[in-house]
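Just so you know, all these numbers are worked out from the coordinates, no wet-lab data involved. Not measured: the values here are computed from a predicted model. Every residue, glycine among them, receives a Cβ derived from its backbone with ideal geometry; neighbour counts consider all protein chains shown.
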Amino acid sequence: MLDKFGRNIEYLRISVTDRCNLRCRYCMPRDVVSVPMKDILSIEEIVYISGIMTELGVKKIKITGGEPLVRRGCCELVRMLKETAGVEQVTLTTNGVLLKAYLKELKDAGLDAVNISIDTLDEKLYEMITGADKLKEVLASFEEALSYNIPVKINVVSVDWEGLKNGKSGEEKNALSELMRLVEFARDKEICVRFIEMMPLGYGRDFPAIPHNLLIPCIKEKYKGMVIDEGEYGNGPASYYSIPGFKGKIGFISAINGKFCENCNRVRLTTRGYLKSCLCYDNGVELMEVLRSQMEEDEKHDKIKNMIEEVIFKKPEKHSFEEPESISETNIMSRIGG
Ligand code: SAM
Ligand code: SF4
């Protein structure tokens with residue numbers, strides 16, 4: 001369906017859990033109080049809402065979190081969503097720690113693609129960022145996903161970790177050399193390596209991004225001939241580049257320095273059943289109460305559909321991450337569903 005700015009909303013991101021097996025400094029650095037299980041949408045409830053969303057034109061669904069693979073029933077959810085009329089694509093964003101163990105089940109369930117978050121290839125730095133010595137497991141999952149022929153994207157938040165570690169934030173040199181190692185990943189594999197500008201949400205506020213208007217020229221400097229690639233490689237806001245001799249693509253999600261709101265096609269469903277229309281604001285609607293009410297089935301369906309329609313229609317025109325005082329979202333990223 002179209003929102004009031006004429007954007008076609010066809011992409012739903014669902015946070016299936018706010019729990020996680022890592023503690024990324026910019027997302028969930030320490031134990032936070034988890035949403036009680038009874039307040040979390042059940043797998044059946046997620047499928048029910050997704051079904052209504054497809055009636056309104058949603059075709060693509062991303063499962064995220066928290067870490068989606070710590071939620072029991074995640075593979076079954078993929079299967080049920082794939083069987084839902086109107087759903088053309090179901091993908092998953094994961095930290096990769098548990099992915100290897102679930103790949104066969106996910107592939108059998110019909111998973112269309114996976115995004116794996118890897119912010120560094122340095123084991124020590126990985127442990128510093130995530131609080132866990134798990135890089136080997138994540139890389140094993142990555143290799144296994146390729147062997148299953150599941151399309152893979154690597155997500156990298158572009159942060160100057162080395163600078164922060166040494167108390168010299170702003171020294172781009174080290175940071176860039178670390179990020180360049182990740183560019184190399186795309187040399188002989190048909191994957192997309194995507195850099196994400198840190199958004200000032202939750203703990204992300206403490207980790208200023210390396211702006212992509214700095215990062216892109218540096219990568220171009222090293223990789224001569226890197227040019228914009230107009231091909232379609234994802235569902236959203238990334239711009240992609242090709243490098244001569246590389247099988248894979250390099251993507252940039254420049255949330256701050258490359259506002260892409262006029263093409264935004266997505267809404268988000270949180271673990272608690274809150275439908276959210278923009279990452280930046282606390283704009284949305286609580287669906288849980290109606291969902292669990294004793295209303296007649298038809299009445300409930302229509303009521304929820306109307307509530308969703310209203311949220312989509314009123315989706316804000318653009319984010320305002322560049323003006324921190326106007327950000328009304330106060331939840332941490334693992335709650336919202338990154
Ligand atoms: N646990 C899964 C993972 O790490 O891929 C899925 C959830 S995580 C919140 C999804 C993505 O959001 C990750 O790639 C993570 O790096 C990114 N992320 C978290 N906080 C962010 C922020 N403030 N700005 C931009 N990206 C962020
Ligand atoms: Fe967990 Fe993903 Fe957040 Fe890291 S970014 S703490 S892996 S939800």
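A few notes on this one:
- Remark: relative contact order (the chain) = 22 percent; criterion is Cα-Cα distance under 8 angstrom and separation of 6 or more residues.
- Computed as a quarter of the hull surface, the mean projected area of the alpha carbon convex hull for region 1-159 stands at 10.2 nm².
- With a cut-off of 12 Å between beta carbons, the residues surrounding Gly131 carry a summed charge of +1, where Lys and Arg count +1 and Asp and Glu -1.
- Its Cα centre serving as origin, the chain has a Cβ charge dipole (Lys and Arg +1, Asp and Glu -1) of approximately 600 debye.
- With a Förster radius of 22 Å applied to the C-beta separation of Asn331 and Met295, the computed FRET efficiency comes to 0.20.
- For Arg79, net neighbour charge (Lys/Arg +1, Asp/Glu -1) across residues whose Cβ lies under 12 Å away: -2
- Ranking Val227, Thr17, Ala109 by Cα position along the charge dipole of the chain, where only Lys, Arg, Asp and Glu carry charges on their C-beta atoms, puts Val227 farthest toward the positive end.
- Calculated FRET value between Arg72 and Lys224, using beta carbons and R₀ = 45 Å, to 0.05: 0.40
- Within-14-Å neighbourhood charge of Lys4 [Cβ basis; K, R +1; D, E -1]: -1
- Using the Cβ-Cβ distance between Lys136 and Ser34 with R0 = 22 Å, the FRET efficiency computed as 1/(1 + (r/R0)^6) comes to roughly 0.20.
- Cα convex hull, region 208-259: 83 Å³ per residue, rounded to a whole number.
- Region 254-321 - Rg over Rh from alpha carbon coordinates, Kirkwood radius: 1.07
- Inter-label distance, nm, simple model (7 Å from Cα along the C-beta direction), Lys305/Lys189: 4.3 nm
- Rg/Rh (Cα only; Kirkwood hydrodynamic radius) as it applies to region 1-76: 1.05
- Farthest positive-ward along the chain dipole, Cα basis, beta-carbon charges - from Ser328, Ile256, His212: His212
- Every helix of 4 or more DSSP H residues in the chain counts as -39500 (n - 2.57), and over all residues that averages to -9000 deg cm²/dmol at 222 nm.
- Loop-resident GluC sites (Glu not before Pro) (DSSP state other than H, G, I, E or B) in region 67-137 with no more than 12 further Cβ atoms inside 10 Å of their Cβ: Glu83, Glu88.
- Isolated cysteines in the chain, defined as those with no second cysteine Cβ under 4.7 Å, comprise Cys20, Cys74, Cys75, Cys192, Cys218, Cys261, Cys264, Cys278, Cys280.
- Straight-line cross-link reach from Lys124 at under 22 Å between alpha-carbon atoms covers these lysines, not counting any fewer than eight positions away in the same chain: Lys100, Lys134, Lys136, Lys165, Lys168, Lys173.
- Largest to smallest principal axis extent of the C-alpha atoms in the chain, angstrom: 62, 44, 41
- Convex hull (Cα only) mean projected area of region 71-118, reported in nm² to one decimal: 3.2 nm²
- For Ile196, the residues whose amide H sits under 5 Å from its own are Val156, Val157, Ser158, Ile253, ignoring neighbours fewer than 5 places away on the same chain, with H placed 1.01 Å from N.
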